[in-house]
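Before any comments, here is the structure.
The values are calculated or read from the model by the stated rules, or taken from the named source; none is laboratory data. Everything numeric in this text was worked out from a predicted model, so none of it was measured. Methodologically, a virtual Cβ is constructed for each residue, glycine included, from the backbone with ideal geometry; neighbour enumeration extends over all protein chains shown. Note: areas computed on protein heavy atoms with side chains; ligands, DNA, RNA excluded. Shrake-Rupley method; radii C 1.70, N 1.55, O 1.52, S 1.80 Å.
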Amino acid sequence: MTLHQTPHLTPVPAPGPTPLLSIEDLVVQYRRPGAEPTRAVAGVSLEVRAGEVVGLVGESGCGKSTLARAVCGLTPAKEGTIAFDGTPVTPLRVRRRDPELTRVQMVFQDPYGSLNPRRRVGTQIADGIRTAAGRGEGPDGATPEDFLTRVGLSAGDAGRYPQEFSGGQRQRIAIARALAARPRLLVGDEPISALDASAQSQVATLMRSLAVESGAGLLFISHDLSVVRLIADRIAVMYLGRIVETGPTAEVWANPRHPYTRALLAAIPQPDGAGRLPAELPGDVPDPAAPPSGCRFHPRCPLAFDGCDREDPHLIAGVACRLYTAA
Ligand code: SF4
């Protein structure tokens with residue numbers, strides 16, 4: 001399947017009343033010696049429901065990966081809350097590696113670095129099974145070979161080492177290891193960006209179907225909007241530490257409202273080699289340590305108008321732009 005064909009995917013169950021993941025006003029801050037603190041995530045609210053795939057998109061350096069690490073308990077939050085199944089996960093509990101956090105499993109960008117080259121893949125998947133058992137779940141008889149089969153590899157691969165596989169196959173092994181821990185939420189942090197083009201859509205659609213089949217949620221982080229369109233039910237667009245637009249993927253795709261979303265969509269390469277529209281996004285993402293005043297996008301925004309350099313728009317009805325709120 002190419003990225004431009006309509007996908008044939010597992011239907012999504014009806015969302016439950018309580019979000020699986022609920023992030024409110026999250027701030028994640030870094031400190032570098034001799035420099036001002038940097039707010040890589042600067043007040044983000046986001047939800048993921050059971051059986052739902054949410055695609056988080058934006059340019060490099062916009063804070064997507066920092067947000068993912070905070071959700072997985074790998075980076076403490078400075079402000080705001082992260083609630084999992086309605087239970088807040090505090091920064092203190094993050095440092096203690098609360099067993100509840102093992103219900104959130106992450107698939108990293110680098111399939112070469114995330115697996116131990118000295119251990120057989122079956123042994124590494126067994127780690128995931130033990131993680132679930134440590135929470136009192138299982139054993140239900142599922143073996144590493146079962147998980148390898150579910151990700152499209154063979155049971156006999158359990159005795160081999162990671163370096164015997166291609167990048168796409170290694171990412172499948174990483175997914176199998178994550179699934180073995182019985183996650184309620186799977187977080188993919190640019191899980192396809194290191195893969196060749198033919199493996200990208202396969203791995204992305206595999207993550208979607210496995211997450212949905214198991215009733216888990218999937219937060220899929222990517223700078224590749226074409227792939228996110230393929231697998232995500234909802235899309236959230238991030239710019240300089242903030243969500244600037246969110247909504248059902250089909251709606252955002254058909255009617256992007258925020259000028260940044262429009263520019264991202266305009267820049268997507270088409271099969272004939274052209275962008276959808278002339279690219280209209282000048283410059284790079286500013287330094288998050290010194291974000292622009294007012295609307296953070298105003299220095300690059302082709303539609304900026306009087307007051308955009310002073311007034312900071314909030315996310316209202318799915319968009320953070322004064323075009324939709326200014327009187
Ligand atoms: Fe552009 Fe102003 Fe909207 Fe910001 S608030 S995106 S500068 S129009």
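Of note:
- Scanning the range 299-308 for residues that are crowded, with 17+ Cβ neighbours inside 10 Å and either within 27 Å of the chain's Cα centre (by Cα) or more than 9 Å from the ligand (Cβ to nearest atom) (or both) yields R300, C301.
- Scanning the range 309-324 for residues that are within 21 Å of G63 (Cβ to Cβ) and either near the ligand (Cβ under 6 Å from one of its atoms) or open to solvent by less than 30 Å² (accessible area, probe 1.4 Å) (or both) yields P313, G318, V319, A320, C321.
- Residue selected from the range 270-293 under the condition farther than 14 Å from M238 by Cα and of a type in the set (A, V, I, L, M, F, W, C), by the criterion modelled with the lowest pLDDT: L277
- Selection count, the range 217-256, where residues are assigned to a strand (DSSP E or B) and under 24 Å from A83 (Cβ atoms): 17
- Count of residues meeting criterion [charged (D, E, K, R) and not in a loop (DSSP other than H, G, I, E, B)] in the range 299-327: 2
- For the range 180-188, the criterion of being modelled with pLDDT under 95, on the phi > 0 side of the Ramachandran plot, open to solvent by 50 Å² or more (accessible area, probe 1.4 Å) and of a type outside the set (G, A, S) is satisfied by at least one residue.
- Scope the range 232-250; condition touching a helix residue (DSSP H, G or I) at 6+ places or on another chain (Cβ under 9 Å), over 12 Å from V57 (Cβ atoms) and open to solvent by less than 10 Å² (accessible area, probe 1.4 Å); matching residues: G241
- Within the range 5-21, tally of residues that are touching a helix residue (DSSP H, G or I) at 6+ places or on another chain (Cβ under 8 Å) and at pLDDT 90 or above: 1
- Residue within the range 146-157 that is open to solvent by less than 20 Å² (accessible area, probe 1.4 Å), within 21 Å of T205 (Cα to Cα) and under 22 Å from the mean Cα position of the chain (by Cα) present: yes
Yes/no per residue for (1) outside any loop (DSSP other than H, G, I, E, B); (2) modelled with pLDDT of 90 or more; (3) open to solvent by 60 Å² or more (accessible area, probe 1.4 Å):
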{"residue": "I23", "(1), (2), (3)": "yes, yes, no"}
{"residue": "Q29", "(1), (2), (3)": "yes, yes, no"}
{"residue": "R39", "(1), (2), (3)": "yes, yes, yes"}
{"residue": "G55", "(1), (2), (3)": "yes, yes, no"}
{"residue": "T66", "(1), (2), (3)": "yes, yes, no"}
{"residue": "L74", "(1), (2), (3)": "no, no, yes"}
{"residue": "Q109", "(1), (2), (3)": "no, no, yes"}
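- Residue under evaluation R296, criteria (1) within 11 Å of the ligand (Cβ to nearest atom); (2) buried (at least 18 other Cβ atoms within 10 Å of the Cβ); (3) assigned to a loop (DSSP other than H, G, I, E, B); (4) modelled with pLDDT under 95, criterion not met: (4)
- D127 being part of a helix (DSSP H, G or I) and either farther than 29 Å from V57 by Cβ or not β-branched (V, I, T) (or both): yes
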